[in-house]
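Q: Have a look at this one before I ask anything.
The values are calculated or read from the model by the stated rules, or taken from the named source; none is laboratory data. Remember, predicted model here, so these are calculated numbers, not experimental data. Here the Cβ positions follow ideal geometry from the backbone for every residue, glycine too, while neighbour counts run over all protein chains shown.
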Amino acid sequence: MNVSGQGEQASKSQDFPRVPWDGGTATFVADPTSLCAEPWAVVVFVLHHGRFLLSRVPRGWCTPSGRVEPGEAPEHAAIRETYEEAGATVRDLHRIGDFLILGEDGTSRCAAVFVGTLETAGPVPAGTESTDARLFHVEEIPALYWTWDPLMEAMFQYALNRAGLVEGGGDA
């Protein structure tokens, strides 16, 4: 498995929307020189032939995501969350930036964002919060994603564009 933490060709100049999030605001930072050193969570955009892997969790359909366990590397958390929420393995994982969440009290936290290619898909593991996992075309996602806003719209397009980083190019 290839893991790259640098997102070599990320665009520093692309601006992402800032949206309300959990009592504060959220945006995305695609600057590979300022990756958050200690993300509290990961978000994984997994692609297979141009379709995104989504999991159905209690809040609705979403990308595999979750908290980073103490002492766990963000890359390992991304691999673990993809398996736990979708029963899938991912290859050619690349960190493409970070979600930055700013609380109304001035605190901040970040979530590492990855893009990768679906390697294997199996049943959703028993005992997880997920009840289903499926592949969707980007055009289908706004109608079913648990929360759809300008930031998520920009992120799915960005992840689709960045999928060119994945070895084998057309495989994503």
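Q: Just to be sure before I move on: is Phe45 touching a Ser or Thr at 6+ places or on another chain (Cβ under 9 Å) and within 13 Å of Ala112 (Cβ to Cβ) in the structure I sent? First the steps, then the outcome.
A: Working: touching a Ser or Thr at 6+ places or on another chain (Cβ under 9 Å): yes; within 13 Å of Ala112 (Cβ to Cβ): yes.
Criteria met by Phe45.
Q: Can you name every residue in the range 120-138 that is outside any strand (DSSP E or B) and farther than 23 Å from Ala26 by Cα? Can you show your working first?
A: We begin by selecting, within the range 120-138, every residue outside any strand (DSSP E or B); these are 122-131, 138.
Gly122, Pro123, Val124, Pro125, Ala126, Gly127, Thr128, Glu129, Ser130, Thr131, listed by residue number.
Q: Scan the range 36-54 for residues that are at pLDDT 95 or above, farther than 17 Å from Gln157 by Cβ and aliphatic (A, V, I, L, M) and jot them down.
A: Ala41, Val42
Q: Separate question: Which of the residues that make up the range 122-140 are closer than 22 Å to Asp92 by Cβ and under 17 Å from the mean Cα position of the chain (by Cα)?
A: The initial filter retains those residues of the range 122-140 that are closer than 22 Å to Asp92 by Cβ, namely 122, 133-138.
Those that are closer than 22 Å to Asp92 by Cβ and under 17 Å from the mean Cα position of the chain (by Cα): Ala133, Arg134, Leu135, Phe136, His137, Val138.
Q: Can you tell me which of (1) of a type in the set (Val, Ile, Thr); (2) under 17 Å from the mean Cα position of the chain (by Cα); (3) farther than 14 Å from Arg51 by Cβ; (4) in a strand (DSSP E or B) is the one Thr117 doesn't meet?
A: (3)
Q: Has the range 159-172 got at least one residue that is modelled with pLDDT of 95 or more, surrounded by fewer than 16 Cβ atoms within 10 Å (Cβ to Cβ) and part of a loop (DSSP other than H, G, I, E, B)?
A: Within the range 159-172 (the criterion being modelled with pLDDT of 95 or more, surrounded by fewer than 16 Cβ atoms within 10 Å (Cβ to Cβ) and part of a loop (DSSP other than H, G, I, E, B)), the answer is no, since none of the residues qualifies.
Q: Which condition number in (1) touching a Leu at 6+ places or on another chain (Cβ under 7 Å); (2) part of a helix (DSSP H, G or I) is the one that Arg95 fails?
A: Checking Arg95 against (1) touching a Leu at 6+ places or on another chain (Cβ under 7 Å); (2) part of a helix (DSSP H, G or I), the one that fails is (2).
Q: Considering only the range 29-49, state which residues are within 15 Å of the chain's Cα centre (by Cα) and within 28 Å of Thr131 (Cβ to Cβ).
A: Selection gives Pro39, Trp40, Ala41, Val42, Val43, Val44, Phe45, Val46, Leu47, His48.
Q: Any idea which of (1) without any contact (Cβ under 8 Å) to a residue 60 or more places away in the chain; (2) farther than 13 Å from Val43 by Cα; (3) in contact with an Asp or Glu (Cβ under 8 Å, 6 or more places away or on another chain); (4) among the acidic types (Asp, Glu) is the one Asp92 doesn't satisfy?
A: Single failed check for Asp92: (1).
Q: Being within 19 Å of Val29 (Cβ to Cβ), of a type in the set (D, E, K, R) and at pLDDT 95 or above is the requirement here; does Glu153 meet it?
A: yes
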